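The values are calculated or read from the model by the stated rules, or taken from the named source; none is laboratory data. Model, not experiment: these values are computed from the prediction. Positions of Cβ are backbone-derived with ideal geometry, glycine not excepted, and every protein chain shown enters the neighbour counts. Surface accessibility is based on the protein's heavy atoms, side chains included, excluding ligands, DNA and RNA. Shrake-Rupley method; radii C 1.70, N 1.55, O 1.52, S 1.80 Å.
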Amino acid sequence: MVLTSIITGSIFVVEIVGGIITNSLALIGDAGHMLTHLFALLVSLFALYFAAKPPTEKKTYGFYRLEILAALFNGVTLFMITLWIFYEAYHRFVHPETISSGKMFIVALVGLVANILCVFILKGDAHEHEHSLNVRTAFFHMLGDTFSSVGVIIGAIVIYYTNWFIVDPIISVMICILILIWSYKLVMESVDVLLEATPKGINIEDVIAGLKQIPGVDDAHDIHIWTITSGMYSMSGHIDTKDMMISETTKLSKEINRVLGEKFKIGHTVIQFGCECKVNNTHHEHHHPETNPHEHHAH
């Protein structure tokens with residue numbers, strides 16, 4: 001992850017400088033696309049670093065939410081970058097500008113080689129750590145950036161042989177659409193986490209049904225499930241049981257956590273046990289013989 005981040009960051013700088021020198025908006029757009037993946041890598045490393053930090057008295061969940069705040073900031077920043085590229089692309093559609101297609105091809109080719117190298121570096125890690133969401137996400141981001149670089153190379157070849165300079169803003173817009181889609185998803189996922197929405201892929205009704213299948217559980221209600229950080233889910237809820245000893249609820253709690261962890265990947269739970277006990281009380285009514293229940297007394 002560190003090696004991939006260094007390579008990606010270096011190529012980002014190369015493409016920005018190359019885009020300015022060659023006057024290629026497509027190269028700058030591809031650099032912006034690479035910036036999204038660089039940030040994804042850095043956020044993953046950021047999360048791994050802070051995950052090792054212990055919780056404090058004030059930050060009882062630790063520093064996991066820093067990843068979400070950083071992702072939200074990144075998504076908003078990328079949106080602003082794409083607006084600028086769209087604005088520039090519009091002007092180039094109206095007044096196409098001359099582009100040094102040869103240099104554009106060389107810079108894009110360097111970016112492609114770097115992307116392929118990163119894909120192979122992450123491929124082994126993604127296969128080895130299939131459970132790691134961060135590694136797999138980084139792998140697919142770099143794979144997407146590889147196709148983006150291929151698009152810029154094709155654009156450079158077309159411009160070189162045809163002098164159709166309008167191809168450059170067309171490619172930049174296509175790349176910006178990819179950035180917008182990714183940044184939109186990033187912002188919405190970040191907002192969902194901050195609003196403590198139910199994680200995607202988890203249905204509360206399915207969770208309740210799974211809990212009711214556990215021997216000893218009569219009912220489950222007031223269930224709340226939220227995300228602390230990427231792939232880390234928490235749940236709180238009320239569990240109704242039969243009348244039992246506290247020691248038995250301890251065993252039941254372990255079984256509930258096992259089921260929630262295996263079926264729904266929920267790792268942290270806060271459970272309140274309750275018992276709907278029906279007590280039959282026999283009520284005896286005592287009437288004094290001199291008292292008439294229907295008689296009204298005037299005071």
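What about Ser24, is it farther than 20 Å from Tyr184 by Cα and buried (at least 21 other Cβ atoms within 10 Å of the Cβ)?
Here the answer is yes, as Ser24 does meet what is asked.
Within segment 147-195, count every residue that is without any contact (Cβ under 8 Å) to a residue 40 or more places away in the chain and acidic (Asp, Glu).
Number satisfying all stated conditions: 1.
Does His91 meet the test of being over 24 Å from Gly267 (Cβ atoms) and open to solvent by 80 Å² or more (accessible area, probe 1.4 Å)?
no
Taking segment 184-209 on its own, how many of its residues are out of contact with any strand residue (DSSP E or B) (no Cβ under 6 Å at 6 or more places or on another chain) and of a type in the set (Ser, Thr, Tyr)?
Selection size over segment 184-209: 2.
Within segment 4-16, can you find the residues that are over 15 Å from Ile106 (Cα atoms) and either touching a Leu at 6+ places or on another chain (Cβ under 9 Å) or open to solvent by less than 20 Å² (accessible area, probe 1.4 Å) (or both)?
Thr4, Ser5, Ile7, Thr8, Gly9
I need every pair where a residue in segment 258-283 that is under 17 Å from Ile202 (Cα atoms) has its Cβ under 8 Å from the Cβ of a residue that is among the charged types (D, E, K, R) and at pLDDT 90 or above, sequence separation at least 6 or different chains.
Phe264/Asp206
Counting only residues that are crowded, with 19+ Cβ neighbours inside 10 Å and among the β-branched types (Val, Ile, Thr), which one in segment 174-213 is modelled with the highest pLDDT?
Val207
Mind listing just one residue for me: the one in segment 231-249 that is open to solvent by 90 Å² or more (accessible area, probe 1.4 Å) and of a type in the set (A, V, I, L, M) and, of those, nearest to Tyr49 (Cα to Cα)?
Looking at the filtered set, the residue picked out is Ile246.
Report yes if some residue within segment 250-266 is among the charged types (D, E, K, R), more than 29 Å from Leu69 (Cβ to Cβ), open to solvent by 30 Å² or more (accessible area, probe 1.4 Å) and assigned to a loop (DSSP other than H, G, I, E, B); otherwise report no.
no
How do the pairs read when you match residues in segment 211-222 that are without any contact (Cβ under 8 Å) to a residue 12 or more places away in the chain with residues anywhere that are part of a strand (DSSP E or B) and open to solvent by 90 Å² or more (accessible area, probe 1.4 Å), using Cβ under 9 Å and keeping only pairs 6 or more apart or on different chains?
none
Which residue is modelled with the highest pLDDT, if the candidates are limited to segment 214-230 and must be assigned to a loop (DSSP other than H, G, I, E, B) and open to solvent by 50 Å² or more (accessible area, probe 1.4 Å)?
Pro215
Which is open to solvent by less than 70 Å² (accessible area, probe 1.4 Å) and in a loop (DSSP other than H, G, I, E, B), of Gly111, Gly32, Gly19, Gly62?
Values: Gly111 fails: in a loop (DSSP other than H, G, I, E, B); Gly32 fails: in a loop (DSSP other than H, G, I, E, B); Gly19 fails: in a loop (DSSP other than H, G, I, E, B).
Going through Gly111, Gly32, Gly19, Gly62 in turn, the sole match is Gly62.
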